[in-house]
Amino acid sequence: MLWNCEGPTTMNLIHYYREQFIELISLFEPTWEEDPFYKYGFRWNAITSKVYKEFFQMTQVQDEPLYLMYALELPEKYKNTNISEVVKKESSCYELSMYYYSSKILLISCVSIENLQQTSLGFLNQARGEIIDLVFSAIQLKDM
């Protein structure tokens, strides 16, 4: 690890946060598994149940800042809820996104490292909490 008076150098910043995340999950959330084939930084997967999947990734593109992203994959049945309205109305210090696919919905919370106020695992847990709150708020079924 290269350090200067401001901390780790930009070139190694993503590696610094990767090491931090690995250390923290080994202590507190050992269910995360790193995806060795992810090409745009680092990515971890966790299967919390047979129905829900979680993803955490660190991505940095050339001159752009490092971004941390937490995603929760929901099954298709959530398309019959008001989840999209709930997400649109949500106020968060993170960037929230929702993607519809044929058999699932992906909810993503993202933050630039420049705006990060906690550790990588702290971000993951706060983002997870916000997204789970959104999911449980989406309880009104649409007309079928």
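Please state which one of Q57, Q126 is of a type in the set (S, T, N, Q), at pLDDT 90 or above and touching a Lys or Arg at 6+ places or on another chain (Cβ under 6 Å).
Working: Q126 fails: touching a Lys or Arg at 6+ places or on another chain (Cβ under 6 Å).
Answer to the selection: Q57.
Determine whether V111 is among the β-branched types (V, I, T), surrounded by 13 or more Cβ atoms within 10 Å (Cβ to Cβ) and within 14 Å of L134 (Cα to Cα). Spelling it out, it is not the case that V111 is among the β-branched types (V, I, T), surrounded by 13 or more Cβ atoms within 10 Å (Cβ to Cβ) and within 14 Å of L134 (Cα to Cα). Of the residues E85, E64, E33, E76, the single one that is surrounded by fewer than 17 Cβ atoms within 10 Å (Cβ to Cβ) and touching a Lys or Arg at 6+ places or on another chain (Cβ under 7 Å) is E76.
Within the stretch 67-93, residues that are touching a residue at least 60 places away in the same chain (Cβ under 8 Å) and closer than 22 Å to Q57 by Cα have Cβ atoms under 9 Å from residues that are in a helix (DSSP H, G or I) and β-branched (V, I, T) in these pairs: Y70/I131; L72/I131; L72/I132; L72/V135; L74/I83; L74/V135, counting only partners at least 6 apart in sequence or on another chain.
The values are calculated or read from the model by the stated rules, or taken from the named source; none is laboratory data. Fair warning: this is a prediction, and the values are worked out from it, not measured in the lab. Note that each Cβ is placed from the backbone with ideal geometry, even for glycine, and that neighbours are counted across all protein chains shown.
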